[in-house]
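The values are calculated or read from the model by the stated rules, or taken from the named source; none is laboratory data. It should be emphasised that the depicted structure is a prediction, and the values quoted were computed from it without experimental measurement. Because the Cβ atoms are built from the backbone with ideal geometry, glycine has one as well, and the counts that use them run over all protein chains shown.
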Amino acid sequence: MNKKMLRVLALMLVAMVVLAGCSPAESPAEEPAVETPAVEEPAVEEVVGWVPTENVEFIIPFSAGGGSDVFARKIIEIISKNEMAPVNFIATNKPGGSGVVGYTYMNGKGANDYIMATTSSSFYSQPITGNSPLSITDDFAFVAHLAKDPNLFAAKQDLGLNTLEEVIEYAKANPGALKFGGTANASDDTILMYMINELAGVEMTYVPYDSGGDILAAILGGHIDVCAISPSEGGEHLAAGTLIPLAVSAEERVSILPDVPTFLESGYDITHQQSRGVVMNAGTSQEVLDYYSDLFQQVSETEEWKTFLKENVMGDVFYNNEEYVEFNTDLTAKYVKFMDMIARNQ
Amino acid sequence: MEALLNNLSLGFSVLADPIVLLYAFGGVLCGVIIGALPGLGPSVGIAVLLPLTYGMEPAVGIILLAGIYYGAMYGGSITAILINTPGDSAAVMTALDGYPLALKGQAGKAMGMAAYASVIGGTISVIAFMLFAPVIAKYALVFGSSEYFALMVLGLASIAGMTGDSPSKGFLAAFIGLFIALIGLDLVTGVQRYVFGNVHLYSGIDFIPVAMGLFGIAEIITDRGDAKVEIDNKMLKFRNLFPNKQEWKDCLPHIGRGTGLGFFVGMLPGAGATIASFLSYSMAKKVSKRGNEFGTGLLEGVAAPESANNAASIGAMIPMLTLGVPGSGATAIMMGALMMLGITPGPSLFMNEAEVAWSLIASMYIGNIFLLVLGILGLPLFVRVLKVKAPILNSIVLAFILIGSYALENSLFTVGITIFFGVIGYFMKKLKVPAAPMILAIVLGYLTESNLRQALIIADGSIVGVITKPISAVILIIALIMAFGGPITQMIKKKFAV
């Protein structure tokens, strides 16, 4: 009888292991699409230079289901579906410390041609605020930049103000009165508020929340006055008029909110979007970076990728390895400037 | 009323398809199994099984996910009662009386009561959900940071009610818990607190590995010579799983209160099932005549938190579906799933996607029935786990716990945390320091602090502005009475008795 029980329990254990193995956190994409490395038949395409011969570990420094996770898994899906690479890309979630755990894990592998990670705003903010042992410029090699997330500046309904101009006038007349809700204490949302404060000459007060959902609950309940939120999170409340969209932080209007102007159109030189790219460890050779840069360029040109960006309200901005390095220098400088401003205000 | 019935029949018409029913049943079954595994709660369950819904009809997909969701809510109580290892955080309070009941040889009864309480709590909440969802959704938003802060203080005050024989030991555990909640980066300024340069500590210590260590591992390494779970074939008889008249009489009021409280707390974005079960347990202990016997194995101690956590899980769907504001991790993932299926939750959901919304409500009724069937018929099977010899059972449970803790973040660091707190838990057991207040303090500590800080910023730094808002003031006064009411009345009694 005990034997029987033992068998049942053993079976449960196996089920558990299988379950853990299948969890989105760990699941490798699919069966190998091409089993033999392409090196063996270089005649078909003009294969010049380096080609991967091992599976690539694709680090997502956040948990399954988040923005970075969806972004990374789509890239991997496109590569594997279209057989763009002779090896598999294996998504690995390493959440913790706002991305720092994932990046330090990658850093621990040294210059390695088969490990890379996605970036988002905390890739910049954590090292600059001293909350990461890594350095943006010294520890990473920049492969390719694939997308930008626009931010939406919105106001609560009962503030009774409907345009950016009106909100700024109100803020000028009442310094410190407007409470601005955003995610975390040194994020893109924080930067957006300080940019508005600086360029419009106003003074709003920042209230940090844990997530977009919390911000939404706070502004709908009237506990904060204005907020930064992703255009997709605002969702139905924008259509229903319970949340008033004021301006988007992209260079151009976003497709799901065709009536909402950009800050630029409204006469404020404010553009700031979350940058999403792929990085490797410093010391990776140029030909390896070139290979992956070309690969991600192919991904970015597919119809699937364009649809994905549209659905997720992300801007289609591709930079290859060279352009990304240059863009990164500017972006880092911008983060340094505003993180410093944030720190002085706290 | 007629419109309501029409809507409901629209919902049930989707469920008339046997395949859909099968999905609903499969969802509940998977949920119960996942919920029973240590460390895996509803959010993990939904995230793991999410890919199954790809390509399904939206109505069917959401019915499956909802089944997993409330199945897991119940499943957590199975291991809490049988092996003192809560399957998820919402079942922590169930272990307090459920495990002593199992030690007394009444595991079957405890699990039966857990199932009945869950189903009653769930069903009443579904009715409330159906009748009031759109109206309540608006009022839930009245709760801002100040009100949440007050609610969290109320939760912390309830520690006084769960400390057992020695309040000072309970408070000691709670303060250690509050300290643990401080570890990590400061929400407002980003300053590092007690992280000692370890990147794994930047985002703080999650309470799930702590709970698995304090309850699960500590239980395994403690010598159980004196605490042997007796099992008697007679108690597995169907009749014995049904509480007798007296027990119903004792438990029903607690189930009623637990349901109301759980539904209300669940509805508030950010509060959720865990806090609902904490509050319900301590309220039951306060109002019960046998309050001081709580923790020694009372069925009421199982009924109160179990009805509350299932009621909360239904309540939490209200802000998610009607406002697009998820109130918990699990509902956030469900909302993502809905959006993936092409449905945007929000004020117009009930108009634009009436079929999906109402078939979800209909599935909640059916799902609760499945839950009862599974809970009662599966019981003899679950309880038989206890017949396995201790060394074998322990090693299997340990394996579950370690895999579960690794799967949380794909990291050995969380496994280390689990083992570390297992050792701490061993000493706490030996020193008779209760573990529940520590878990509660870890959960509430972070929420208390972040809500207070937000409220202070909003009130321009004035603490008076935070505590004098009408709702927060009322809640804070209740909290004060809860914490100090007992000792003060005793003092007064002493003074006037002589």
Residue list for region B:348-372, filter: out of contact with any Pro (no Cβ under 8 Å at 6 or more places or on another chain) and either at pLDDT below 75 or within 14 Å of chain A (Cβ to nearest Cβ) (or both): B:SER348, B:LEU349, B:MET351, B:ASN352, B:ALA357
Look through region A:94-123, keep the residues that are aliphatic (A, V, I, L, M) and within 11 Å of chain B (Cβ to nearest Cβ), and return whichever of them is nearest to the chain's Cα centre (by Cα). A:VAL100
Among (1) crowded, with 24+ Cβ neighbours inside 10 Å; (2) among the hydrophobic types (A, V, I, L, M, F, W, C); (3) within 14 Å of chain A (Cβ to nearest Cβ), where does B:ILE63 come up short? (3)
Which ones in region B:58-92 are among the hydroxyl-bearing types (Ser, Thr, Tyr) and modelled with pLDDT under 85? B:TYR70, B:THR79, B:THR85, B:SER89
For region B:392-442, enumerate the residues that are on the phi > 0 side of the Ramachandran plot and touching a helix residue (DSSP H, G or I) at 6+ places or on another chain (Cβ under 9 Å). B:LYS432
Count, please, the residues in region A:190-235 that happen to be more than 11 Å from chain B (Cβ to nearest Cβ) and either without any contact (Cβ under 8 Å) to a residue 40 or more places away in the chain or assigned to a strand (DSSP E or B) (or both). 10
Subset tally (residues that are within 19 Å of A:SER121 (Cβ to Cβ) and modelled with pLDDT of 95 or more) for region A:281-317: 0
Look through region B:373-389, keep the residues that are more than 14 Å from chain A (Cβ to nearest Cβ) and free of Cβ contacts under 8 Å to residues at least 12 places away in the same chain, and return whichever of them is nearest to B:ALA110 (Cα to Cα). B:LEU377
Given (1) facing another protein chain (nearest Cβ under 7 Å); (2) surrounded by 24 or more Cβ atoms within 10 Å (Cβ to Cβ), number of the condition A:SER249 does not satisfy: (1)
Just one of the numbered conditions (1) modelled with pLDDT under 85; (2) among the β-branched types (Val, Ile, Thr); (3) under 30 Å from A:GLY102 (Cα atoms) is not true of B:ILE488; which one? (3)
Give the residue, chosen from A:TYR292, A:TYR335, A:TYR324, that is assigned to a helix (DSSP H, G or I), buried (at least 21 other Cβ atoms within 10 Å of the Cβ) and in contact with a His (Cβ under 8 Å, 6 or more places away or on another chain). A:TYR324
Residue satisfying condition, being touching a Phe, Trp or Tyr at 6+ places or on another chain (Cβ under 9 Å), within 14 Å of another protein chain (Cβ to nearest Cβ), farther than 25 Å from B:MET339 by Cβ and not basic (Lys, Arg), within set B:ILE83, B:ILE33: B:ILE83
Cross-chain or 6+ apart pairs with Cβ under 6 Å, region B:176-193 first and more than 7 Å from chain A (Cβ to nearest Cβ) and crowded, with 17+ Cβ neighbours inside 10 Å, then at pLDDT 85 or above and assigned to a strand (DSSP E or B): none
Residue tally, condition more than 10 Å from every other protein chain (Cβ to nearest Cβ) and buried (at least 19 other Cβ atoms within 10 Å of the Cβ), over region B:453-466: 1
Sort out which residues of region B:404-427 are modelled with pLDDT under 85 and either assigned to a helix (DSSP H, G or I) or more than 8 Å from every other protein chain (Cβ to nearest Cβ) (or both), and write them in order of number. B:GLY404, B:SER405, B:ALA407, B:LEU408, B:GLU409
So, of the residues in region A:158-188 that are assigned to a helix (DSSP H, G or I) and without any contact (Cβ under 8 Å) to a residue 40 or more places away in the chain, which turns out to be nearest to the other protein chains (Cβ to nearest Cβ)? A:ALA171
Grab the helices (runs of 4 or more DSSP H) fully contained in region A:46-137, keeping just those with 2 or more residues being in contact (Cβ under 8 Å) with a residue 40 or more places away in the chain, over 22 Å from B:GLY204 (Cα atoms) and not charged (D, E, K, R). A:67-81
Given the conditions (1) within 11 Å of chain A (Cβ to nearest Cβ); (2) over 30 Å from B:ILE314 (Cα atoms), report the number of the one that B:PHE400 does not fulfil. (2)
Please go through region B:451-469 and give me each residue that is touching a Phe, Trp or Tyr at 6+ places or on another chain (Cβ under 8 Å) and not hydrophobic (A, V, I, L, M, F, W, C), ordered by number. B:ASN451, B:GLN454
Among the residues of region B:315-333, which ones are within 11 Å of chain A (Cβ to nearest Cβ), in a helix (DSSP H, G or I) and either of a type outside the set (Gly, Ala, Ser) or touching a Ser or Thr at 6+ places or on another chain (Cβ under 7 Å) (or both)? B:PRO319, B:MET320, B:THR322, B:LEU323, B:GLY329, B:THR331, B:ILE333
Out of the residues in region B:467-483 meeting the condition of being under 25 Å from the mean Cα position of the chain (by Cα) and among the small types (Gly, Ala, Ser), tell me which one is nearest to the other protein chains (Cβ to nearest Cβ). B:SER472
Looking for something modelled with pLDDT of 90 or more, in contact with a helix residue (DSSP H, G or I) (Cβ under 6 Å, 6 or more places away or on another chain) and of a type in the set (D, E, K, R) - is there at least one such residue anywhere in region A:227-250? no
Yes or no: region A:266-277 includes at least one residue that is within 11 Å of chain B (Cβ to nearest Cβ), within 30 Å of A:ASN107 (Cβ to Cβ) and either buried (at least 21 other Cβ atoms within 10 Å of the Cβ) or without any contact (Cβ under 8 Å) to a residue 12 or more places away in the chain (or both). no
So which residues in region B:332-345 are within 21 Å of the chain's Cα centre (by Cα) and more than 14 Å from B:LEU64 (Cα to Cα), if there are any at all? B:ALA332
Would it be correct to say that B:LYS432 is basic (Lys, Arg) and either in a loop (DSSP other than H, G, I, E, B) or buried (at least 21 other Cβ atoms within 10 Å of the Cβ) (or both)? yes
